[in-house]
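The values are calculated or read from the model by the stated rules, or taken from the named source; none is laboratory data. These figures come from a predicted structure and were not determined experimentally. Backbone-built Cβ (ideal geometry, glycine too); neighbour counts: all protein chains shown. Note: areas computed on protein heavy atoms with side chains; ligands, DNA, RNA excluded. Shrake-Rupley method; radii C 1.70, N 1.55, O 1.52, S 1.80 Å.
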Amino acid sequence: AVSRTFSIIKPDATRRNLTGAVTKMLEEAGLRVVASKRLLLTEEQAGGFYEVHKERPFYGELVEFMTSGPVVVQVLEGEDAVKRNRDVMGATNPADADEGTIRKAFAESIEANTVHGSDSDENAATEIAFFFNDDEIVG
Ligand code: CMP
């Protein structure tokens, strides 16, 4: 069924002017950008968004990285959007990412891994609501 997921193009990608290249791969994977904005996250926003990782050793660095430059937050729509997006993103660690995936093509490291994508429909709904009002999403 057609569904939605949430995506972030991370600071390592915006810094290298890859917003279009990443979005093109998302579109070619059958996803449609139905909302998009470029933001410089505050520490509070990045920390809140990644709250589930608060106890992980990489949390502090992750928040620092995610506030180090602009991000582009997007809502993506398509057939099985969460899975479709995760398939085209590739593994979290680019060393494990398959050929043809965004992280294989562009990620610099396990932290600077170019994109975030929701891991479930439930988290997609929460993450979309974290950044977008309903009237900012135009399907
Ligand atoms: P993301 O899918 O956005 O979810 C959590 C993020 O934490 C992940 O992508 C990476 O950017 C980062 N991350 C995950 N594991 C590690 C790790 N072992 N070391 C550093 N950063 C990590």
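Please give the calculated 222 nm ellipticity per residue for the chain, where each DSSP H segment of at least 4 residues contributes -39500 (n - 2.57) and the sum is spread over every residue; nearest 500 deg cm²/dmol? Let's see the in-between values first.
On the way: 7 runs with 55 residues, N = 139.
After summing the helix terms and dividing by the residues of the chain, the value is -10500 deg cm²/dmol.
So, counting K/R as plus one and D/E as minus one, what does the shell of residues with Cβ under 14 Å around Arg84 add up to?
Numbers: positive: Arg4, Arg32, Lys83, Arg86; negative: Glu27, Glu28, Glu77, Glu79, Asp80, Asp87, Asp119, Asp121.
Within the 14 Å Cβ shell, the charges total -4.
Show Phe130, Phe6 ordered by accessible area, largest first, where the area counts protein heavy atoms only and the probe is 1.4 Å.
Numbers: Phe130 95, Phe6 0 Å².
These residues rank, largest area first, as Phe130, Phe6.
Taking just the alpha carbons, could you work out the radius of gyration and Dmax for region 27-107, both in angstroms?
According to the Cα coordinates of region 27-107, Rg and Dmax are 14.2, 36 Å.
Could you pull the accessible area for Lys24 with a 1.4 Å probe, rounded to 10 Å²?
Answer for Lys24: close to 110 Å² accessible.
Heavy atoms only, probe 1.4 angstrom, no DNA, RNA or ligands counted: give me Phe106, Phe58 ranked by accessible area, highest first.
Phe58, Phe106
If each of Asp98 and Glu55 carries a label point 7 Å out from its Cα toward its Cβ, how far apart are those two points in nm?
Each label point is offset 7 Å from its Cα along the Cβ direction, giving 3.3 nm.
Where the accessible area of the chain is counted over protein heavy atoms with a 1.4 Å probe, how much of it, in %, is carbon and sulfur?
47
So, R0 is 30 Å and r is the distance between the beta-carbons of Glu27 and Glu64; what FRET efficiency does that work out to, to 0.05? Walk me through the intermediate numbers first.
On the way: r = 31 Å, r/R0 = 1.02.
Efficiency, from the Cβ-Cβ distance: 0.45.
Averaged per residue, what accessible area in Å² does region 58-139 show with a 1.4 Å probe, protein chains only?
Numbers: 4090 Å² over 82 residues.
Per-residue accessible area for region 58-139 comes out at 50 Å².
Taking Rh as the Kirkwood radius computed over C-alpha pairs, what is the Stokes-Einstein D of the chain at 25 °C in a medium of viscosity 0.890 mPa s, expressed in µm² per second?
On the way: Rh = 14.9 Å.
For the chosen part, D equals 165 µm²/s.
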